[in-house]
Structure formats: structure tokens, C-alpha cells
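Here, each number is a calculation from the coordinates, and none is a lab measurement. None of the values given here were measured: they were computed from a predicted structure. Methodologically, a virtual Cβ is constructed for each residue, glycine included, from the backbone with ideal geometry; neighbour enumeration extends over all protein chains shown.
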Amino acid sequence: MTNISEIAQLGAKVLRLQAQAVTDSRSAEIQRIIETMQDTLSTTQGVGIAAPQISISKRIIIIASRPTPRYPSAPLMEPTVMINPAFQTLSDTREKDWEGCLSIPGIRALVPRYIEILINYTNQQGILVEARLEGFVARIFQHEFDHLEGKVYLDRVEDNRDIFAESEYLKM
Ligand code: ZN
């Protein structure tokens with residue numbers, strides 16, 4: 001059985017809250033939330049989702065980079081559930097690249113992100129995992145992490161001219 005949620009849209013209060021840390025990563029409640037996030041993400045062309053996007057203000061994200069019509073050059077990876085994620089930068093270098101968001105349909109923008117980060121998170125088995133991310137996957141992580149802080153990618157845009165209607169973006 002699948003459990004698909006609506007995606008919270010920009011303007012919804014839940015997208016502007018600081019999400020709560022998960023204290024019981026192996027509980028049935030958390031497993032159910034994760035399943036809903038997975039099922040919901042799989043109905044979209046998104047490459048990641050954060051719990052606030054299904055209106056649950058908890059620190060859970062899924063990173064699922066894969067080539068889609070939305071992101072044709074995205075690297076393929078096993079979808080990864082990250083509970084209470086954290087990161088530090090490994091270099092000050094940031095790069096601008098295009099992002100979109102399921103909570104902000106019809107818009108794309110150039111967003112500066114750190115290109116190399118060290119992350120840690122608790123996995124679904126309750127084990128602490130550390131990893132080094134770079135490039136597009138590091139970008140997805142920072143985008144989803146922002147959702148846990150009540151931020152959206154448009155907050156990071158440096159120049160309003162870096163914001164495009166998706167129809168114009170697709171013409172490029
Ligand atoms: Zn988003």
C-alpha cells in the first residue's frame with residue numbers, strides 16, 4: 001500500500017519552521033513518515049524531499065539523485081534516508097547552478113552552494129553515518145537541509161535576475 005501526501009506549497013507555515021530533531025529514529029511513527037516521503041517522492045520528478053514538504057516538521061530528508069526529465073544530468077544513486085542530518089563545509093568554494101523545488105512549481109533559479117561538504121546523519125536502522133558529498137549531490141543535500149531550517153532555495157538567490165520561469169529555463 002502506498003501513502004502519498006500532498007506537497008506543502010510556498011506560503012505554507014510549515015515550510016518556514018525550524019524542524020524538530022528526531023529522538024526515536026526507529027519508531028513506527030518515524031518509519032511511517034519515511035514511507036510517506038518515499039512514496040510521495042516517487043510520484044514526482046524530484047531528486048529529494050524533506051519532511052516539512054509533507055507538512056511534518058521533523059528533521060528527516062531523502063536524497064535520491066537520478067536522471068529525470070527535470071534533472072537530465074543528475075547522477076544515479078540509491079535513495080538515501082537521512083535523519084537529523086548535519087554538515088560542515090570542506091572548502092569555501094561555492095558554485096551557482098540551477099535548482100527547482102516541488103514546493104515552488106514552475107520556477108527555477110541559480111543558487112550558490114558549497115561544492116564539497118562532510119555530512120553525518122542517522123540512518124533508518126538508527127546508525128550514525130558520515131559521508132563526503134560533492135557536486136550535484138552536495139547541492140541536493142544543502143537544498144533539503146535548508147527545508148529543515150525553514151529556508152527555501154529562493155532565499156539563497158543572489159540576484160532576482162537568476163530566477164526563471166520553468167518554461168523559459170526549458171528553452172535554454
Ligand atoms: Zn525543495
Item to check | Virtual paramagnetic centre 7 Å along Cα→Cβ of ILE163, amide N under 13 Å, in the range 5-32 | outcome: 10-11
Checklist entry - Separation between the ASP155 and ARG70 pseudo-spin-labels, each 7 Å from Cα along Cα→Cβ, expressed in nm? => result 2.0
Next on the checklist: Give the residue list of trypsin sites (Lys or Arg not before Pro) in the range 1-93 that are DSSP loop and have at most 14 other beta-carbon atoms within 10 angstrom.
Outcome noted: ARG26
Checklist entry - Can you pull the semi-axes for the range 95-158, root of five times each eigenvalue of the Cα gyration tensor, sorted largest first, whole Å? => result 23, 14, 9
Checklist entry - Dividing the Cα radius of gyration by the Kirkwood radius, what Rg/Rh value follows for the chain? => result 0.94
Item to check | the range 67-133 - Debye-derived log10 I(q)/I(0), Cα point model, q = 0.17, 0.25 Å⁻¹ | outcome: -0.86, -1.18
Checklist entry - If you count the DSSP beta bridges with both ends in the range 13-171, what percent of them are antiparallel, to the nearest 5? => result 95
Checklist entry - Relative contact order for the chain: what is it in percent, counting Cα pairs under 8 Å that are at least 6 residues apart? => result 24
Item to check | Partner lysines for LYS13 [C-alpha distance under 25 Å; skip if fewer than 8 residues away on the same chain] | outcome: LYS58, LYS151
